[in-house]
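Accompanying notes for the structure given below.
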Amino acid sequence: VIASQSEQETMSHMQKCIGEYEKRIQALDGVKTMRIAKNHAQLMCVADSFAKTTGLSRSVVGEMHHEIKRMAIQRQEAIGADHPIVQQFWEIYDYIGEERLNHTKANGKIAINMQEFISCAAELKLQVPLLSDLRDHLKSSKSRKFIKSNHPMASCQLTHGKSKTVRCWIFENG
């Protein structure tokens, strides 16, 4: 009831403070998305109004603002992270090693033959996501940006002293 009676005051406070709170959130290390800054700035405004309506102390409001800022950083990290299947794929790739799996010597590129990836992981008794799941999710890879799939290329890895053509998924190594 009290909150509904202070709606005008809350909206006025929001209009007055949202710009400053957005700037504070955008200034945080790791927050890059405007939407995240705006949404969390709105939460800070609402926290101010809630505190005023209920009589919470300044220290409690400070703690609320701190938590909202932490949530903004956490949200930015969540939207910037790779899908868990993609994370698992790259962990396995790093464990097996680039020298064994990468079929290109081109600087800044990774070329992986999926069948070979699965075979190498199986030899080491590593749990690999289903190939269909890898195909679905690897195209969204952010840590090592996806370029193209099933691309035929001459492998830099020699078999009996000769190069062979293999179909690879290509990524930026960055």
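The values are calculated or read from the model by the stated rules, or taken from the named source; none is laboratory data. Remember, predicted model here, so these are calculated numbers, not experimental data. Note that we place each Cβ from the backbone using ideal geometry, even for glycine, and neighbour counts take in every protein chain shown. Side chains are part of the model used for accessible areas, which takes the heavy atoms of the whole protein and leaves out ligands, DNA and RNA. Shrake-Rupley method; radii C 1.70, N 1.55, O 1.52, S 1.80 Å.
The table for this structure:
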| quantity | calculated |
| --- | --- |
| Residue list for segment 70-97, filter: over 18 Å from the mean Cα position of the chain (by Cα) and in contact (Cβ under 8 Å) with a residue 40 or more places away in the chain | none |
| Filter result (basic (K, R), open to solvent by 50 Å² or more (accessible area, probe 1.4 Å) and touching a strand residue (DSSP E or B) at 6+ places or on another chain (Cβ under 9 Å)) within segment 115-148 | R135, K139, K145, K148 |
| Qualifying residue in segment 56-73 (condition: under 30 Å from A121 (Cβ atoms) and among the polar types (S, T, N, Q)) | no |
| Among the candidates E22, E9, residue that is at pLDDT 85 or above and assigned to a helix (DSSP H, G or I) | E22 |
| Qualifying residue in segment 102-120 (condition: touching a residue at least 12 places away in the same chain (Cβ under 8 Å) and basic (K, R)) | yes |
| Segment 91-114, residues that are in a helix (DSSP H, G or I), open to solvent by 40 Å² or more (accessible area, probe 1.4 Å) and in contact with a strand residue (DSSP E or B) (Cβ under 8 Å, 6 or more places away or on another chain) | E98 |
| Residue tally, condition closer than 20 Å to F89 by Cα and either of a type in the set (D, E, K, R) or surrounded by 15 or more Cβ atoms within 10 Å (Cβ to Cβ) (or both), over segment 150-172 | 7 |
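Let's see how each residue does on (1) more than 15 Å from E98 (Cβ to Cβ); (2) out of contact with any His (no Cβ under 6 Å at 6 or more places or on another chain); (3) not aliphatic (A, V, I, L, M):
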| position | (1), (2), (3) |
| --- | --- |
| A122 | yes, yes, no |
| L126 | yes, yes, no |
| P129 | yes, yes, yes |
| N150 | yes, yes, yes |
| S155 | no, no, yes |
| T165 | yes, yes, yes |
| W169 | no, yes, yes |
